[in-house]
Structures are given as structure tokens and as C-alpha cells.
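The values are calculated or read from the model by the stated rules, or taken from the named source; none is laboratory data. Fair warning: this is a prediction, and the values are worked out from it, not measured in the lab. So basically every Cβ, Gly included, is an ideal-geometry build from the backbone, and we count neighbours across all protein chains shown. Remember, those area values only see protein heavy atoms, side chains included, never the ligands or the DNA or RNA. Shrake-Rupley method; radii C 1.70, N 1.55, O 1.52, S 1.80 Å.
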Amino acid sequence: MARLSLNKASLHKESAKLKRYRQYLPSLDLKRRQLMAERAKGLAQLKTTELQIEQCRQKVSETLPMVSYRDINLNDLVKVSAVEIGEENIVGITVPILRKVDLVTMTYSPYLKPHWADALVVQLKLMLELKLRQQVDRRRLTILEAAVKKVTQKVNLFDKVLIPKTERNIRKIRIYLSDAERADVVRAKMTKQLRIKQGV
């Protein structure tokens with residue numbers, strides 16, 4: 001760590017640093033608050049998606065209890081053909097957003113599948129889309145939480161470390177310069193009095 005120089009140039013440098021820190025801190029704090037609001041929205045969205053998944057499960061268990069019958073092959077009724085995940089910029093942080101899900105219903109014979117297979121296909125499509133949304137919501141929330149943590153650390157660094165340290169440095173330099181100025185004045189007076197006594 002560089003030793004603090006106790007002179008006017010150092011005072012000017014420290015004052016400029018303090019000014020920059022104080023200008024930067026409000027925008028950093030605003031970014032932190034915006035990210036926290038987005039994180040809260042993301043958490044609410046994830047909870048909503050998880051609630052919809054649970055409601056879908058509940059509906060299937062209530063209306064289609066025969067799904068649990070293992071002798072009927074219900075595999076490959078619905079497949080995901082394409083998923084489009086875009087990106088959204090939130091105060092400089094890139095987060096994923098689910099834009100589109102393409103689901104394909106596989107063709108099946110109504111004679112080989114039970115009559116309730118159509119109702120099951122509807123629920124499977126809904127569940128697949130919800131599961132994909134849940135994955136994207138979780139990823140989004142993870143990114144936002146990491147961003148909030150990082151920005152909070154920066155805010156704390158400025159607010160609790162850099163600004164107080166710079167203020168202490170400025171105070172220290174001012175006290176030293178004030179003492180040095182006072183000492184110069186005292187020395188000048190003593191020199192003047194000594195000259196007067198010596199008759200110079």
C-alpha cells in the first residue's frame with residue numbers, strides 16, 4: 001500500500017477521488033435497487049410457475065387417475081420440437097427469457113390408446129411448457145441474485161471503505177498542513193523577534 005503524502009498535491013488528489021466516489025455511489029445504489037426489484041419479480045414469477053406446475057399435477061391426479069396404470073404405453077405422446085430462449089438486458093445484466101416453445105403431438109391410433117389420451121396430451125403439453133419456463137425462471141433468478149450480490153459488495157466497498165478512508169486521508173492531510181502552517185507562522189514570529197533583539 002502506498003504511503004500517504006502529506007502535501008497540497010496529495011490533498012487535491014484525495015479530494016478529487018472523494019468527489020468521484022460520491023458521484024459514482026448513487027448510480028451504483030440505484031442499480032442495486034433496480035436489480036433487487038427485478039430479483040423480487042423473478043422470484044414471484046418462479047413461484048407462480050411452480051404453483052401452476054402443482055395445479056397441473058393436481059388436475060391430472062384428480063381427472064386422470066388412470067395414468068398410473070402401467071400397462072398402457074403413454075410414452076412419446078408429446079415432444080418438444082423447438083425452444084426459443086431470448087435475452088433481456090436489465091441494467092447491464094443479461095438474463096434469459098423464454099420466448100417460444102413448439103410442442104408436437106405424436107400421431108397415435110385412437111384404437112390403440114385409451115379415450116382419455118387426448119385429455120392427457122393437453123395436460124402433457126401444459127406441463128412441458130411449464131417445466132421449461134421453470135428452468136428459465138430459475139436460471140434468470142440465479143443470474144439476478146449473483147448480480148445483486150456483486151453490486152451490493154461494490155456499494156459497500158464505496159460506502160463503508162473507500163469514502164470513509166478518503167475522508168480520513170483528507171482530514172489527516174488538512175491537520176498536517178494546518179499544523180505545518182502554524183509552525184511556519186510561529187517560526188517566522190520567533191525569527192522576527194530574534195532579529196529585533198539583535199538589532200538587525
Self-check item: Heavy-atom surface of the chain, accessible at 1.4 Å and reported per residue (Å²)
Solution: 72
Exercise. Would you look at the GNM of the chain, springs on alpha carbons closer than 10 Å, and say which of Met127, Met106, Met36 moves the most?
Key: Met106
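Which percent of the accessible area of the chain is formed by carbon and sulfur heavy atoms (probe 1.4 angstrom)? Could the numbers behind the result be given before it?
Values: 7790 of 14370 Å².
Taking all protein chains in place, the chain shows 54 percent carbon and sulfur surface.
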Quiz item: Can you put Leu77, Leu51, Leu112, Leu11 in order of accessible area, largest first, using a 1.4 Å probe?
Solution: Leu112, Leu51, Leu11, Leu77
Quiz item: Please report, for the Cα atoms of segment 92-200, the Rg to one decimal and the Dmax as a whole number; what are they, in angstrom?
Solution: 38.2, 129
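Tell me the relative contact order for the chain as a rounded percent, counting alpha carbon contacts under 8 Å between residues six or more apart. Spell out each step's value before the answer.
Working: 150 pairs, mean separation 71.5, N = 200.
Reported as a whole number, the value is 36 percent.
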Practice problem: Identify which of Pro164, Pro65, Pro26 has the largest mean-square fluctuation in a Gaussian network model of the chain, with springs joining Cα atoms closer than 10 Å. | Solution: Pro65
Quiz item: What does the chain give for Rg and for Dmax, in Å, if only its C-alpha atoms count?
Solution: 34.7, 129
Self-check item: Cβ-placed point charges (K, R +1; D, E -1), dipole of the chain about Cα centre in debye, nearest 20
Solution: 2460
Self-check item: Most fluctuating residue given options Ala146, Ala44, Ala183, as computed from a GNM of the chain linking Cα atoms under 10 Å
Solution: Ala183
